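Let me begin by presenting the structure, written as structure tokens, before commenting on it.
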Amino acid sequence: METQATMPRTPRERVQKAMFIRTTVIMNKLTYGWLIQELENEGFKISKTTVSSALAGSLVSPKTDEFLMRAERICKRYRQSFPTRQQSGT
């Protein structure tokens with residue numbers, strides 16, 4: 001899987017990126033605080049409220065588009081480094 005991410009240009013692309021980000025965070029038992037910290041490590045500051053609104057699709061702006069692109073790249077990198085493990089049936 002490549003780690004390249006692009007800016008979303010359509011509502012459908014925004015939804016797909018948001019779903020990928022949410023799924024990665026949930027499946028790997030991460031938090032949005034972790035994601036925000038990773039973004040800050042790259043020099044990109046964003047509030048929890050803006051993250052929530054961007055992932056819900058209720059806020060569309062150049063900053064949220066950049067967030068989706070950067071967060072997707074971070075999640076792809078994470079998945080490459082720590083592949084998601086299938087949980088056992090217990």
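Quick notes
- Annotation for the range 21-43: at least one member residue is closer than 16 Å to Arg73 by Cα, of a type in the set (Asp, Glu) and over 13 Å from the mean Cα position of the chain (by Cα).
- Condition broken by Pro8, with the remaining ones in (1) at pLDDT 95 or above; (2) touching a helix residue (DSSP H, G or I) at 6+ places or on another chain (Cβ under 9 Å) satisfied: (1)
The values are calculated or read from the model by the stated rules, or taken from the named source; none is laboratory data. Bear in mind that the values here come from a model prediction, so they are computed numbers and not experimental data. Here Cβ is always computed from backbone atoms with ideal geometry, including for glycine, and neighbour counts include all displayed protein chains.
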